[in-house]
Amino acid sequence: MSGNRGLLSSGLGMVGRNKRYIFWFWLLNLTLAEFGTSAFRKSAHAILDHSLGGERLVHGFDLSVMANLFVRPEFGPMAAMTTPALYFGFLFLLATALFLPGVFQGYASTYRLPREDFFRACGQNLWRFIRLMIVAGIVMGIATGALFGLHGVLERKAAESTNELLLPEVRFVGLFVIFLIMTGFRIWFDLAETDVVLSDQRAVRKSIWAGLRHSFRGLGRLLGSYVVATIVAAIILVGGLWMWMKIVPPESVLGAFLVAQLTLLFLLIPRFWQRGVAVSYWQQRMMVPVVPVRPIEPRPIEPQAVAVAVVPDPAPVVPNPPPTTQGS
Amino acid sequence: MQIRWKMVLLIAALALGLTAIMNRKTATAAPQAAAPAVKTAPSAKNAKDAAPGGVSIPDTTLAINSDKPMSERVVHYEIDAKYDAGKHTVDATEVLTYHNLTGQALDHFPFHLYQNAFQPKATFVRDAKLMGSRDTGYAKWEDKYYGSEEIKSLEVIGQGDLTSQLQYIAPDDGNQDDKTVVDLHVAKPIAPGAYVQFKIAFQTKFPETQARSGWKRDFVLGGQWFPKVGVWWHGAWNCHQYHNTTEFFADFGVYDVKLTVPAYEVVGASGLQVDEKSNPDNTKTVTYHGDDIHDFAWTASPRYKVRESVYQSQMGPIKLRFLMQPAHWSQAERHEKIIRETLDRFEKWYGPYPYKTLTVVDPEPDSAAGGMEYPTFITGDSSWFMPDGFHLVELVVEHEFGHQYWYGMVATNEFEDAWMDEGINSYTEVKVLDSILGKNTSIMNMAGATLGEREAQRGSYISVADRDPMAQKAYDYYNSNSYGGITYGKTASVLLTLEGIIGEDTMAKAMHAYFMKYRFTHPTKEDFLKTIEEVCGKDLRWYFNQAVYGSPVMDYEVLNAESFPVNWYEEKKEQKNDKKGAKDDTVYQSFVALHRKEDFVMPVEVEIKFDNGEKVREHWDGQSRWIRYSYQKKAKVVSAELDPDHTVQIDRNDFNNSFVVEANPKPTYKLSTYWLFVTQWVSQALAWWAV
């Protein structure tokens, strides 16, 4: 536990020292989502702005108004709204992959990482990260498929029981187990990503192997730390939604926007915290140690007879005076 | 010798008479809570007009709070059934006494064999594949879907065994593989006014729950499980095949049913339980009696937890019985509360509930048994997780109870006029739930979001508004969505709109009059529509022809609203005056244009607001495609709103029913904030796991 605390506190310390990354990622998230939701906004403006029909959305939130809006042909199909949002979501994913190496470099630095170094790390590691993402995608995809397949079988078995609560219990426990296992996979690839960046490892497979080895070795500490961070994320999400519902008046669009964005901003922290934990672990356990080398003692040099040529003193070198400038 | 026989006959007659009097007293004075074991076997004892052969329909009143029968009793079913919980089968004998009140001799009798619908080539399954289904979609056939109802033997008393005369017919679609209707030609026609008795041995095999009948795990809901004779209606037999979108139609009568089930089962059924006895083979036999009902359903599960109470209705006490799933026990109170409040509204608004019992079943989770109505017996729908702000329990239980009136007592033809039971019931559901749970919160009121039943009904209609008319056979709808949207949603919306036309009080009177006049009968759509016209004293054909018999769609819009100064060419001068702060005496020319976009023609009101606070109301008959109103005032138009009292529920698009001159982006901003949040959160979650 003390080990966890060590990882957690050092990871959180890295996040705290590099708060700007959270802000920039939030801004990126917001900007891309703005693009992703622009079609939705445009359609809604066209129908609602000159109608009294939207009032029930302002004073409270009448789901029937929203449902009626979505079925209007002029609003367009829902796919036209959701697809751009998903595309921009995917862009955010790519952007995260692009900028994450800089974040790792920043977390590992004991000083404020200059912008040039940040982007250099991003550029150097982009292709490595893409390769890592592909491998992680395959491994985690297979694992997810297998786990959810098994979960489905268990659910079907539980559904046959006459105890109605068995199904939700199996579902909940199953999802929790899947979460733990997938978090284990995430730890593996987080360590691999950290190693790729901080070891400047061109051979991604070596980092994947190192990540796997260490995720087994430090599984308890790492999993504990990751679960704590996830719990914090859940608390932030639930707390944010609670504030939104209880504190923000239904008519306050600005209030809703601020609470929503604050929640999303804070929601980024736990994931960056997990990455801080990975960097901290890497520094403690994976970094190749610098072996202290004994300085080579200079051997006494035997004086030897050296032929010395006697040269007369040269004339003193006098620098040229600066050219005089003409004028006033 | 003759004298001796006469003495014997006299003694026998006296004995019968005494027994009849005693039975009658027992029936009428039966205590509510613990009904005695009463033999209500078929006999001439209780009948007023017993046939010479001693066959008749009993006039018992054991199960109703009335001292005389409330319906014209056509049938008497006596069923002795044994349920095999392992095989999900029922082996039974049925004695059906039918009173020929058709006014003509009958030489054939069609019977429904509903459980045969659950066979791969049956019309029900074919319809489900073609039209979609509320329950099973039959993407792949599985053995557990199979159901059957087989007549082992059929004897017509006095005519012998006529099993060989049975012939499957398919009056609706000619499907040779459909066995849901069987026709029997009798050897001798049954004279008008005469009684005939059928003695039927049958076996029913239930499928895993489909269409609110069948088994799930160790639960069973026995609905539509016995051979049931068709209805002689408007000069012909009315006995449709079982379709995916149809329900049922049957005559009123008396039911005496003995159910033998494993001893561990908790049983509930239509009617009043009159006896329960244990058998040596680890089974028990529970006996039920029903008066003035037209169907009989039952359920059994070893795990029901039972809650009972008594409701004092206008006609007497009603025993309320709730069969709850163990995991839903905490919701039993919700079930009872909504039943009590609904009963209160129905009795006040429409008429009394005459039965002595009401059984509310909380069916097996994840079964297709939820949300069904049978006489004095309904199924609700719930789950282990049911927040108080989500009113699914109330919605379903109220709806199914409403069917005790619109189906149970006002027994319309559900095959041909589905809107008259489902739709009228949906209308009263809106009224009752509005009154109990609030107009805009009757379905949901949680986490800041609300949803009302009124708008939900409208929503289901507008998605299929131009597909089908209301007045259409249930199996002729384009698909199950259209059936649902029109029969439930459109009917409710049409009747709510009608309230706006004739007034809420008049509509309430009309509904009360309709119920009281047609309870325990089989009214037609015209009976209903004419009752409304009679009560309100108006010719409403213009409305009924479009809304009930036709499928035109209503969509009115405020096409435009604008103002400009009458002396617009002096605009600069005016602006100059404004800057000086002088009083604005500018006279504006304002226009408001209304447009009827679709074919439904209906008079409407429009309210125009001006920036000096003035409001003007106009009445437009809607006959032309558009109309423009113009005004000259020292004020500019702010907004125009069609149907300002919000009485029209059938307008397909209510966003264009108003026009605000100054754009108000706030609703869009709010909605966008939500959508933005969801998009960002999904993006973050995606990035969380993928990189």
Region B:67-144 - Rg over Rh from alpha carbon coordinates, Kirkwood radius: 1.10
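Would you calculate a helix-derived [θ] at 222 nm for the protein assembly as shown, using -39,500 (n - 2.57) for each DSSP H run of n ≥ 4 and dividing by the full residue count, to the nearest 500?
Values: 24 runs with 412 residues, N = 1019.
So the calculated ellipticity at 222 nm is -13500 deg cm²/dmol.
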Over region B:410-551: Kirkwood hydrodynamic radius from C-alpha pairwise inverse distances, Å: 15.4 Å
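So what's the net charge close to residue A:206: Lys and Arg +1, Asp and Glu -1, counting the other residues with Cβ under 15 Å from its Cβ?
Numbers: positive: A:128, A:131, A:202, A:205, A:213; negative: A:193, A:195, A:200.
Value of the local net charge: +2.
If the viscosity is 1.002 mPa s and the temperature 20 °C, what Stokes-Einstein diffusion coefficient in µm²/s follows for chain B when Rh is the Kirkwood radius over Cα pairs?
Working: Rh = 28.2 Å.
Once the numbers are plugged in, D ends up at 76 µm²/s.
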Among B:535-545, A:49-59, B:489-499, the order from most to least packed when residues are scored by Cβ within 10 Å on average: B:489-499, A:49-59, B:535-545
Local net charge near residue B:87, Cβ-Cβ under 14 Å (Lys/Arg +1, Asp/Glu -1): -3
Å³ per residue enclosed by the Cα convex hull of the protein assembly as shown: 275 Å³
Of B:162, A:250, B:377, farthest towards positive along the dipole that unit charges on Lys, Arg, Asp, Glu beta carbons give the protein assembly as shown: A:250
Test item: Cα-centred dipole of region A:2-286, Lys/Arg +1 and Asp/Glu -1 on Cβ, debye: 1220 debye
DSSP-assigned coil residues among trypsin sites (Lys or Arg not before Pro) in region B:580-687, each with at most 15 further Cβ atoms within 10 Å: B:580, B:583, B:625, B:634
Against the rule of thumb 2.2 N^0.38 Å, how large the Cα Rg of region B:556-664 comes out: 1.21
Rounded tilt (10° steps) of B:453-462 against the dominant C-alpha axis of chain B: 80 degrees
Fraction of antiparallel bridges per DSSP, chain B only, in percent to nearest 5: 85 percent
Listed residues B:667, B:97, B:498: farthest to the positive end of the dipole of chain B (Cβ charges): B:97
In degrees, nearest ten, helix A:2-17 long axis to first principal axis of chain A (Cα): 80 degrees
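About its Cα centre, what dipole magnitude does region A:1-88 give when the only charges are +1 on Lys and Arg Cβ and -1 on Asp and Glu Cβ, stated in debye to the nearest 20? Intermediate values should be presented prior to the final figure.
On the way: 8 positive and 5 negative charges, 116 e Å.
With only Lys, Arg, Asp and Glu charged at Cβ, the dipole is about 560 debye.
Restricting the count to DSSP beta bridges whose residues both fall in the protein assembly as shown, what percent are antiparallel, rounded to a multiple of 5?
Numbers: 119 of 140 bridges.
The answer is about 85 percent antiparallel.
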Rounded tilt (10° steps) of B:392-402 against the dominant C-alpha axis of chain B: 60 degrees
Kirkwood Rh in Å, taken over region B:303-401 so that all alpha-carbon pairs contribute: 13.5 Å
Translational D in µm²/s for chain A (Stokes-Einstein at 25 °C, 0.890 mPa s, Kirkwood Rh from C-alpha pairs): 99 µm²/s
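Cβ neighbours within 10 Å, averaged per peptide: list B:345-352, B:223-230, A:252-259 in order, most packed at the top. Don't skip to the answer; put the middle values down first.
On the way: B:345-352: 18.5, B:223-230: 24.5, A:252-259: 16.5.
Result, highest mean first: B:223-230, B:345-352, A:252-259.
Shielding of A:88-100 by partners, i.e. mean partner chain Cβ atoms within 10 Å per residue? Intermediate values should be presented prior to the final figure.
Working: counts 4, 9, 4, 1, 8, 8, 3, 3, 7, 3, 1, 0, 2.
Mean partner-chain Cβ count within 10 Å for A:88-100: 4.
Which net charge results for the neighbourhood of residue B:278, defined as the other residues with beta-carbon distances under 14 angstrom from its beta-carbon, given Lys and Arg at +1 and Asp and Glu at -1? Walk me through the intermediate numbers first.
Numbers: positive: B:258, B:277, B:284; negative: B:265, B:275, B:276, B:281.
Combined, the nearby Lys, Arg, Asp and Glu give -1.
Every number in this text was worked out from the coordinates using simple rules, so none of it is lab data. Please read these numbers as outputs of a predicted model, since none were measured by experiment. Positions of Cβ are backbone-derived with ideal geometry, glycine not excepted, and every protein chain shown enters the neighbour counts.
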